1. Return the sequence-ordered ³J(HN,Hα) values of region 125-140 in whole Hz as given by the Karplus equation 6.51 cos²θ - 1.76 cosθ + 1.60 applied to θ = phi - 60°, using x for Gly and Pro.
2. What FRET efficiency would be calculated for the residue pair Met61, Phe159, taking the C-beta separation as r and a Förster radius of 30 Å, to the nearest 0.05?
3. Quick query: amide H of Glu138 versus all other amide H atoms, modeled in the peptide plane; which residues come in under 5 Å with a sequence gap of 5 or more or a different chain?
4. So for the pair Arg166, Ile77, with labels modelled 7 Å out along Cα→Cβ, what separation do we get in nm?
5. From the Cα trace of region 76-173, what convex hull volume per residue do you get, rounded to a whole Å³?
6. Karplus couplings for region 154-159 from phi (6.51 cos²θ - 1.76 cosθ + 1.60, θ = phi - 60°), rounded to Hz, Gly and Pro as x?
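Here, each number is a calculation from the coordinates, and none is a lab measurement. The model shown is predicted, which means the values in this text are computed figures rather than measured ones. Positions of Cβ are backbone-derived with ideal geometry, glycine not excepted, and every protein chain shown enters the neighbour counts.
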Amino acid sequence: MTLNNPAKLKMLATPSSRRAHQSGSPVNMAEEKFLQGKVIKYRLAVVDPSAPNKPALKRLMLPQGELSQFYDAEEGIRYIAYIELRPGAERGNHYHKAKEEYIYVIKGGVELFVEEIQTGEKAMIPMVSGDLAFIRPEIAHALRTTEPGSALEFSPVRFDPADTHRFALEPKK
């Protein structure tokens with residue numbers, strides 16, 4: 001079973017305490033949807049470590065350094081990869097028929113180009129440190145580095161080279 005419902009992930013970002021919700025104090029991630037919700041960008045909130053009712057997904061700025069909690073679900077991760085973001089580099093230009101994936105920017109910045117392969121609808125999504133993108137299957141995607149850094153790609157689906165289909169994306173005009 002894959003995490004086919006990004007809303008489930010979003011629910012993890014809000015406090016489960018009914019009292020906290022009623023008080024109007026929950027911390028939520030900002031969310032932007034693209035291509036009819038087939039690509040979703042989340043901006044993880046920077047949260048005070050001493051705050052009560054912290055969301056499950058968050059960024060904590062601690063004296064010993066940042067701790068980013070960007071995935072917390074019943075479903076396991078079966079694939080994870082480190083991405084070095086080199087100046088001006090572009091990577092991707094493909095889609096998957098079965099694999100859905102997440103990209104989390106640790107440091108730096110990218111432009112995430114996405115295209116719905118059935119309709120040709122396109123979007124360019126700027127991402128910076130603390131941003132998390134969810135990409136559904138059959139959405140072509142490519143990353144172009146705007147600021148050097150690093151990112152992680154992960155998925156509840158194992159990587160299968162046969163499920164990587166080349167697709168040349170042209171930036172949205």
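1. For region 125-140, the Karplus-derived couplings read 10, x, 10, 10, 3, x, 8, 10, 10, 10, 10, 6, x, 6, 10, 5 Hz, x marking Gly and Pro.
2. Details: r = 32 Å, r/R0 = 1.08.
Calculated value: 0.40.
3. Amide H to amide H, under 5 Å and 5 or more residues apart or across chains, Glu138 pairs with His96, Lys97.
4. My value for the distance between the label points is 3.0 nm.
5. Details: hull volume 8.6 nm³, N = 98.
Convex hull volume per residue, Cα atoms: 88 Å³.
6. 8, 7, x, 10, 5, 6
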